[in-house]
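Notes for the one structure printed next.
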């Protein structure tokens, strides 16, 4: 069994993690950027049309095909049948909960990479060091340069794992803040609209 091969497999797995993290980061960056812009547009529209008697029809016309969670939530509220104030509050809360899946989509991947990459790096380092000592024992030579080169290569895995974790963690926290901002936009838009009913 070659420990060097296991070390290489771990390095390729960590390369896969960085590619996955980058994909999620780019996709979520585009999504949150669009959602924040759309949320501001919806909020401005609702604010400027609060006293319109035909607000429901205007909102249907403007935001019926919206891809943002704020637009989708507002469309569902506008299209809801008339109900009591208490029922309306529960309905709005259910829409709010349902939209959480859109906001946190794929963020679990970043969270997993933050946790897994340092451990994979440590495992890669251990396998690399085992391989370096195994080669030293099999060859019967005590060349310090060969041992230090093998250990240096093995330690690279730990450094890479920590770097991947830091990279993913920074964006995971950034996206957590964006989720909170969009949630607040959804609540604010819904409350302003409900105040006009």
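A few remarks follow.
- Annotation: extensible slack from residue 58 through residue 137 equals 20.6 nm (criterion: 0.36 nm per residue apart, minus Cα-Cα distance).
- Counting beta carbons within 10 Å around each of 22, 158 and listing the fewest first gives the order 22, 158.
- Model label sites at residue 96 and residue 48, defined 7 Å from Cα along the beta-carbon direction, differ in position by 2.7 nm.
- Segment residue 34..residue 177, full-extension length gain: 50.0 nm, with 0.36 nm per residue of separation and the alpha-carbon distance subtracted.
- Protection proxy ranking of 120-129, 34-43 - average other beta-carbon atoms within 10 Å, highest first: 120-129, 34-43
- With Cα atoms, 0 to 90° folded angle of helix 107-139 axis to the chain main axis: 0
- Normalised alpha carbon radius of gyration of segment 99-140 [divisor 2.2 N^0.38 Å]: 2.05
- Rounded D (µm²/s) - segment 41-197, Kirkwood Rh over Cα pairs, Stokes-Einstein at 37 °C, 0.692 mPa s: 166
No lab work stands behind these numbers, since they all come straight from the coordinates. These numbers come from a predicted model, not from an experiment. Ideal geometry is used to build each Cβ from the backbone, glycine not excepted, and the neighbour counts take in all protein chains shown.
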